[in-house]
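Computed from the coordinates by the stated procedures, all read-outs in this text should not be read as laboratory data. If you're wondering where the values come from, they're calculated on a predicted model, not measured in any experiment. Note that we place each Cβ from the backbone using ideal geometry, even for glycine, and neighbour counts take in every protein chain shown.
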Amino acid sequence: MRGFAASLAALSLVLAGCVPGSGSSGQRPAERPAGEVRTDPATMGEVTLTVWDQEVRGGQEKQITALNDAFQRKFPNIRIKRVARSFDDLRSTVKLGLTGADAPDVVQVNNGKQDMGSFVKAGLLQPLDGYATAHKWTERMPDSVLRLAKYPDSGAVLGEGKLYGVAQTGELVGLYYNKEKLAKLGIQAPRTWEEFDAALATAKRAGELPIQFGNLEKSSGTYLFSLAMHRYGKAEEETRLATGRDGVTWNTDANKQAARLVLSWADNGYFPQGFAGIKGDDSWAAFARGEGVFHVSGTWLSADLQAAMGDKAGFQLPPGQTVTGGTGLPFAVSGRSKNPDAAAAYIDFITNSAAMKVLADNGNLPATEADKQAVSGLNKDVFAAWQTASRSAQMVPYLDYATVTAYDVVTGATEQLLAKQLSVEQFLTVLQDDLDKNRGGR
Amino acid sequence: MAAAEPRRVGYLYILPAFLVYGLFLLFPLLHSGWISLFSWDGLTLGTFVGLDNYAALAADVGFLSAFGHVAVLLVFFAVLPVSIGLVLATALSRTRIRGMAFFRTALFLPQVVAMVVVAIAWQRIFAPDGALNDLLRFVGLDGLVTAWLGDSGTALIAVGLVGTWVQTGLAVVLFLGGIGKISTELFDAVRLDGGGVAREFRTVVLPALRAEIGVALTLTVIAALRTFDLVYVMTPQGGPGGSTTVPSYEIYHRAFHSGQVGSAAAIGITLTALAFLITFGITKVTGRDR
C-alpha cells in the first residue's frame, strides 16, 4: 500500500510538476518611494494596462466606461484592456489571476481578510503609500476611507499597515423610509432611538409593515443586528470588534441588548411573515411598491429606489449617527504589474475630482466630494449622509472583517438567532468562538 | 477468418480520444489528488501533510453533515424518480393516449432547462408569498404555510422535491423506451394466466427494465452526488442553519472562499471515489445480462 501511494505520489509529482503555490512564492513587491514615482502617464510610452473590475451594474458600468474612454482620449499611449466580471465571479477568479503568469495590472479586490488580507500576506499586491503621497490621495481621501484598504504584511488586521488600494465609491447601511407612509402615520423621520421605537409601534398599530426585511441570503439580518449594535455600543469599540483587534469580546451587555432588540422586532411582528425565505432583492422591491415603512439596507440601492419611488423615498443615518459604512471595492495594483506607475496613474484618474462628478452623474455615491455634486431627491439624502459619516469617527466597518470566516459566521449566526435556533448567549458565543479560533490559528 | 489478437495498431485508434480524456480528465483528477495531500491556501507555498486532510475530514462536522444532506438528496434525486418513473411509465404504456409525444416531451423538459433557471423558478414557487403557499391557503391547509427555503426543517426537502421533479421525466422516458421493446406476447401470456397489473409489472416489466433501471439510477445518483447549482441558487450560503450544504458546495466554499484548497481537493477525491463505488455497485446489480 505504501509502495502504491509512493508511486502514485511520484506519478503525480511528474504530472503536476511542483508543490502547489510554488509559482507564487516570489519576492514581496518593493515599496516605491514617492520621489521615484512618475505621475504623468503621457511620459510613460506605449503601455497596455489590464484592468479587472466588477463595475457591471447599470450606473457602475456607465461611469467606468466613461472614465476609461476619457483616459484613453487623454493618454492614447496607454491602452486599457478591460476585463469586466460580476462581483462573485471576480472574487472567485482573482486569486488565480494574481498568482498566474499573466496577472492583471489593476484589479478590484474585496477589502476583507480572506481577500485583500490574504493577498497582502502572499505578497501579491503592490504597496501604494509612495503613490498616495505622489498623487496626493492622502489629502483627497479621508482616513476613514483609506484605512479600509490598509493591511500589515501579515495580512492580519484591517486598518493598519500599508495602503493597498483606493476606492471610487462609498457605502453606508442606513435607514430608508417611505415618506408617504410616515406622513399618513403622522410621524417624522426618527431623530432618536425612542422616536424610532415609537414609529415602529405606531406603524404596527396602523396595520402597516414596520420594517421590510428579507433574509434568504442572510446578509440583511446582519444589517439589522449592526443597526441595533449602534444603539447600545460605542463606535470605537464596534470598530475594534469588527476588525478583530486584540482583547475585544462579543460577550458584552451592549451586544446582548442589541441581539434582544432585533429579536423583539421579530417577536412584535415588525418584519414580514416568512422573512427567512424572502430574497433580498424581493424585499427592496416590495418596499419600493409601498410594503413597509422602513428598510435597512445599503446606499447601493438608492439609484433603484429613487427610480421606483421618486420623491417618496428618504434615507437617513441611524438615530445616534453611528453607522455601518465602507467603500466600494478598492482598486489595487498587482505586485506583478510591469507598469505600476501607469497602473497607479490610472487609479488616480478614476478617483480624482473629475471622476467623482462622473460617478455622481451616473447615480453612484462618490467616495469624496459628495457634497459638491448636484443631486436631488433620495440621492441628496444619501450623499449628505455619506459626507457626514465618512468624515466623522462614527463610521463603523462591516462585521465581516474580523476573521477570514467572519462573514459566514456572523450572517449564519444572525439567521439562527432570528430562527430561535440560538439563544442570545449562544449567538454571542458562536461569534466569540470564531474570533478565538482565528487568533489561535494565526 | 482468425480471431486474431488485437493488433498493437489498434491502440493507435483510441489514441486521440485517450489524449483528450487524459488531458481533461485524468490529469486534473491526479492533480487534485496531489493537491489534496497539501495544506494550501491557494496563494502561498503549500506544505505537504500526507493524508492529514482526509483524516481531518472524518472529524469535520461541516463535511459530515454535507454528506448526510446528500444522503437525503439521494432519496429525492434517485429513489423517488425511479419509483415514480416505473409507475408512470407502466401506466402510460397500458393506455393509448392522444398526443403521447407531447407528454413525453413535457415530462422530459425539466432535463433540458438549465438548472439555474429551474432553481430560480422554484425559488419563486417556494417563496413565502409564492405559489405553493397560495395553494396551501386555497385548500385550507394554512397550518402548513411556511417559508420553505428559510426554515432549516424544510429547506433540504424543498430542494429535494425539485430534484424529484427534474429527474422523474428522465426516468419515465427511459422506461417508456424499455417497455416499448417488450414483446406483447409476454403481456398476453400474463393475462391468459389471469394475472393483473401488479403481476404484469412484477413478472414482465420489472425484469425487462433491469438495464434501464440501472442507467436511470446511475444518472440520477450521480446528479444527486454532484448537486451544486440547485442548493447554491435556491438556498444561498448553505441554507438556513447550514441545512443544505452538500459536498460540492463545501468544495466550492473551501477552494474559493475560505482558503482550504487542500481540504477541498480531498473532498473532491472522496466524492469521486464514492460516486465510482456506488455506480459500480449499481452496474453490478442491474447490468448482469447486458
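With contacts taken as Cα pairs under 8 Å at a separation of at least 6 residues, chain A carries a relative contact order of 23 percent. The shape of chain B comes out oblate: with a ≥ b ≥ c from the C-alpha gyration tensor, a/c is at least 1.5 while a/b does not beat b/c.
Within 10 Å of each Cβ of A:210-217, how many other protein chain Cβ atoms are there on average? Walk me through the numbers on the way to the answer.
Numbers: counts 0, 0, 0, 0, 4, 3, 13, 3.
That works out to 3 on average.
Order the peptides A:383-390, B:62-69 from the highest to the lowest mean number of other Cβ atoms within 10 Å of their residues.
Averaged packing, sorted descending, gives the order A:383-390, B:62-69.
Neighbours of B:Gln123 by Cβ distance under 13 Å: Lys/Arg scored +1, Asp/Glu scored -1, total -3. Amide H to amide H, with H built 1.01 Å from N, A:Arg82 comes under 5 Å of A:Val51, counting only residues 5 or more places away or on other chains.
Run the dipole for the stretch A:75-196 about the Cα centre, Lys and Arg Cβ at +1, Asp and Glu Cβ at -1, nothing else charged, and hand back the magnitude in debye, nearest 20. List each step's numbers first, then the result.
Details: 17 positive and 14 negative charges, 59 e Å.
So the magnitude is around 280 debye.
Candidates B:Leu135, B:Ile269, A:Thr50 compared by Cα position along the dipole of the protein assembly as shown: farthest toward the positive end lies B:Ile269, with charges placed on Cβ.
Here chain A carries DSSP beta bridges of which approximately 60% are antiparallel, counting only pairs with both residues inside. Give me the angle, in degrees from 0 to 90, between the Cα long axis of helix A:219-232 and the longest principal axis of the Cα atoms of chain A, rounded to the nearest 10. The angle comes out at about 70 degrees.
Let's test the formula: R0 of 60 Å, r as the Cβ-Cβ distance of A:Arg289 and B:Ser183. What FRET efficiency results, to the nearest 0.05? That gives a FRET efficiency of 0.45. Here the dipole of the protein assembly as shown is about 1520 debye; that uses its Cα centre as origin and unit charges on the Cβ of Lys and Arg (positive) and Asp and Glu (negative). Look at where the Cα atoms of the stretch B:9-24 and of the stretch A:32-93 average out, and the two centres are 44 Å apart.
Taking every C-alpha pair closer than 8 Å and separated by at least 6 residues, the mean separation divided by the residue count of chain B gives a relative contact order of 29 percent. Per residue, the average separation of C-alpha pairs within less than 8 Å and at least 6 apart gives the stretch A:57-186 a relative contact order of 16 percent. Rounded to the nearest Hz, the phi-derived 3J(HN,Hα) couplings of the stretch A:90-97 under the Karplus curve 6.51 cos²θ - 1.76 cosθ + 1.60 (θ = phi - 60°) are 5, 4, 6, 9, 5, 4, 5, x, where x marks glycine and proline.
The distance linking the stretch A:396-442 with the stretch B:245-290 is 30 Å (Cα centroid to Cα centroid, whole angstrom).
Per-residue Cβ counts within 10 Å, from other chains only, averaged over B:262-274: what number is that? If you can, show how the numbers build up before the last one.
Details: counts 1, 0, 0, 1, 0, 0, 0, 0, 0, 0, 0, 0, 0.
What the average comes to for B:262-274 is 0.
Near A:Ala122, once Lys and Arg are set to +1 and Asp and Glu to -1 for all other residues with Cβ below 10 Å from its Cβ, the sum equals +2. Taking amide H as placed 1.01 Å from N in the peptide plane, A:Gly335 has its amide H under 5 Å from the amide H of A:Leu125, A:Gln126, each at least 5 places away in sequence or on another chain.
Counting only other chains, what is the mean number of Cβ atoms within 10 angstrom of the Cβ of each residue in peptide B:35-41?
Numbers: counts 5, 1, 5, 3, 1, 3, 8.
Counting other chains' Cβ atoms within 10 Å and averaging over B:35-41 gives 4.
Under 5 Å between amide H atoms, partner at least 5 residues away or on a different chain: which partners does A:Thr243 have, H built in plane at 1.01 Å? The list, which skips near neighbours in sequence, is empty: none.
Summing Cβ point charges (Lys, Arg +1; Asp, Glu -1) relative to the Cα centre of the stretch A:284-397 gives a dipole of roughly 160 debye. Oblate is the label for the protein assembly as shown. Its Cα gyration tensor axes, ordered a ≥ b ≥ c, give a/c of at least 1.5 and b/c at or above a/b. A protection proxy built from the mean count of other Cβ atoms within 10 Å ranks the segments A:408-419, A:145-156, most packed first, as A:408-419, A:145-156.
In order along the stretch B:265-278, the Karplus-derived 3J(HN,Hα) couplings, from 6.51 cos²θ - 1.76 cosθ + 1.60 at θ = phi - 60°, round to 5, 5, 5, x, 5, 4, 5, 4, 4, 5, 4, 4, 4, 5 Hz, and Gly and Pro are given as x. Ranked by the mean number of other Cβ atoms within 10 Å per residue, highest first, peptides A:32-44, A:314-326 order as A:314-326, A:32-44. The helix-based estimate of mean residue ellipticity at 222 nm for the protein assembly as shown, built from -39,500 (n - 2.57) per DSSP H run of four or more residues and divided by its residue count, is -16500 deg cm²/dmol to the nearest 500. The long axis of helix A:2-16 is offset from the longest Cα principal axis of chain A by roughly 80 degrees. Across the stretch B:239-251, coupling constants 3J(HN,Hα) worked out from phi with the 6.51/-1.76/1.60 Karplus curve, θ = phi - 60°, read x, x, x, x, 7, 10, 5, 10, x, 5, 5, 4, 4 Hz, and Gly and Pro carry x. Summing Lys and Arg as +1 and Asp and Glu as -1 over all other residues whose Cβ lies under 14 Å from the Cβ of B:Ile278 gives a net charge of +2. Since only B:Ala255, B:Ser183, A:Val424 are under comparison, the one whose Cα sits farthest along the positive direction of the charge dipole of the protein assembly as shown, derived from C-beta charges on Lys, Arg, Asp and Glu, is B:Ser183. Reducing the stretch A:205-229 and the stretch A:94-167 to their Cα centroids gives an inter-centroid distance of 32 Å. The C-alpha atoms of chain A define a longest principal axis, and helix A:193-205 lies at about 60 degrees to it.
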